[in-house]
Amino acid sequence: MTKTYAFETLQVHAGAKPDPATGARQVPIYQTTAYVFRDADHAAALFNLQEVGYIYSRLTNPTVAVLQERIATLEGGVGAVCCSSGHAAQIMALFPLMAPGRNVVASTRLYGGTLQQFSNTIRKFGWSAKFVDFDDLAAVEAAIDDDTRAVFCESIANPGGYITDLDAVAAITDKAGLPLIVDNTSATPWLCRPFEHGATLVVHSTTKYLTGNGTVTGGAVVDSGKFDWSASGKFPALSEPEPAYHGLKFHEALGPMAFTFYGIAVGLRDLGMTMNPQGAHYTLMGIETLSLRMERHVANARKVAAWLEADPRIETVTYAGLPSSPYYHRVARICPRGAGALFTFAIKGGYDACVKLVNSLELFSHVANLGDTRSLVIHPASTTHRQLSPEQLAKAGAGANVVRLSIGIEDADDLIADLDQALARATA
Ligand SMILES: *Cc1c(COP(=O)(O)O)cnc(C)c1O
């Protein structure tokens, strides 16, 4: 599959061809843990990474491999590693880069679970995160020190309404000789292509829009293939001999595929955060309609956000697709097809009114998820973001009177009518 096809064609075909064994047109679910070696020499070559092939499904599986190639192609990267969840993908992205004592400079505007993972859990590995407002470019630059090994942000940031100036951040990471990791979950490659703005790696929670229907958790790490892992000596996992593979130097031996191979051959082998073939199947089915769904998600989000903004019961709507947003001017450059379908609004009445609103909605489901065909609602301060301090809440754009919507692909007027009746009850 060449990359001259349009996105809409690639989302259906990339990575897949009729099954060589049966001619099956849809990608078969290879529900197997192991693969028979042709002979002892074949097995040895596979284990030495001298030949690419299937050994054991903790590392690779043909169904998952199709999804990896499809996501890599849609992002314009050279390779991808699929993982069991978006959070697994984040660890898998950092794992080859980090070591005890090293840090990642991260945006304050991140998915609540990521703030948690980076604030607390990664410390158990001896890693740490330094959180910075990514609109303050001088602060991003100042936060980078000799122990920094990556810079991390979201393209369209959860809980919505914020778009990172990826070009400006990439200029800083380029100068510092560091990889820029962009979580592109909320945008998807249909709306934003981080590699075209200088990102080194893209991570996804495929749980969200890529699968699109709320069925399976999954994640992916995609490599642009453009970073020189040997230049600075800061990434010995990729540039220095790996004892477990007879002293193989991943970057020297595998060039632009070094990060992806390391992710599979060491990351999945030893951390085991593997995506299963059933999960990959659901996500492949979802990706086939990605552009169609995203177009509708964005059109609905624009309509609902504009209606909310005009309503006197609403304090603010933070949707970057509204001309009133301070980030509106970034849409055309960073995500030209639209600002996504995730945004927050603040209602007059505060915490209690938000809880009443969530309880009164009928069409919107109250769930801790986003990027479903169904419209979803959550009150971050009482759920996903409840572990955060008031300062962290404010920095994450998730104050007490803020409700987050993930706009689905239903009829926009039905969604507006549901919000209207629920607002009436919440503010009565
Ligand atoms: C959901 C989400 C994650 C975490 O993904 P899981 O699949 O739930 O582990 C990370 N980043 C963003 C932006 C998300 O929306």
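Give all pairs with beta carbons closer than 6 Å in which a residue from the stretch 395-424 that is closer than 16 Å to Ala301 by Cβ and assigned by TED's automatic domain parsing to the domain that holds Ala339 meets a residue that is open to solvent by 50 Å² or more (accessible area, probe 1.4 Å) and part of a helix (DSSP H, G or I); count only pairs at least 6 apart in sequence or on separate chains.
Close Cβ pairs satisfying both conditions: Ile409/Arg296; Ala412/Lys303; Ile416/Trp307.
So Leu94 fits all but one of (1) crowded, with 19+ Cβ neighbours inside 10 Å; (2) away from the ligand (no atom under 12 Å from the Cβ); (3) within 28 Å of Ala43 (Cα to Cα); what number is the exception?
(3)
Residues in the stretch 38-47: is at least one part of a loop (DSSP other than H, G, I, E, B), more than 27 Å from Val221 (Cα to Cα), of a type in the set (Lys, Arg) and open to solvent by 30 Å² or more (accessible area, probe 1.4 Å)?
Taking every residue of the stretch 38-47 in turn, at least one turns out to be part of a loop (DSSP other than H, G, I, E, B), more than 27 Å from Val221 (Cα to Cα), of a type in the set (Lys, Arg) and open to solvent by 30 Å² or more (accessible area, probe 1.4 Å).
Being within 16 Å of the ligand (Cβ to nearest atom) and open to solvent by 10 Å² or more (accessible area, probe 1.4 Å) is the filter; apply it to the stretch 200-241 and report the residue that is nearest to Leu97 (Cα to Cα).
For the stretch 200-241, the residue satisfying everything is Ser205.
Output the residues belonging to the stretch 328-349 that are open to solvent by 20 Å² or more (accessible area, probe 1.4 Å), over 19 Å from Trp190 (Cβ atoms) and touching a residue at least 12 places away in the same chain (Cβ under 8 Å).
Answer for the stretch 328-349, where residues must be open to solvent by 20 Å² or more (accessible area, probe 1.4 Å), over 19 Å from Trp190 (Cβ atoms) and touching a residue at least 12 places away in the same chain (Cβ under 8 Å): Lys348, Gly349.
Looking only at the stretch 189-243, count every residue that is outside any loop (DSSP other than H, G, I, E, B), within 15 Å of the chain's Cα centre (by Cα) and among the hydroxyl-bearing types (Ser, Thr, Tyr) and tell me the total.
Residues meeting the conditions: 1.
Looking at (1) without any contact (Cβ under 8 Å) to a residue 40 or more places away in the chain; (2) on the phi > 0 side of the Ramachandran plot, can you tell me which one Gly15 breaks?
(1)
Name the one entry in Arg109, Arg70, Arg123, Arg58 that is under 24 Å from Ala168 (Cβ atoms) and assigned by TED's automatic domain parsing to the domain that holds Phe235.
Arg109
Which one of these does Ala138 not meet: (1) in a strand (DSSP E or B); (2) open to solvent by 10 Å² or more (accessible area, probe 1.4 Å); (3) more than 16 Å from the ligand (Cβ to nearest atom)?
Looking at each condition in turn, Ala138 falls short on (1).
State which residue is nearest to the ligand (Cβ to nearest atom) when the search covers only the stretch 71-91 and only residues that are in a loop (DSSP other than H, G, I, E, B) and in contact with a Phe, Trp or Tyr (Cβ under 8 Å, 6 or more places away or on another chain).
By that ranking, first place goes to Gly77.
The values are calculated or read from the model by the stated rules, or taken from the named source; none is laboratory data. Nothing here was measured: the structure is a model prediction, and the numbers come from that model. Note: ideal-geometry Cβ built from the backbone for every residue, glycine included; neighbour counts use all protein chains shown. All accessible areas refer to the heavy atoms of the entire protein, side chains included, with ligands and DNA or RNA removed. Shrake-Rupley method; radii C 1.70, N 1.55, O 1.52, S 1.80 Å.
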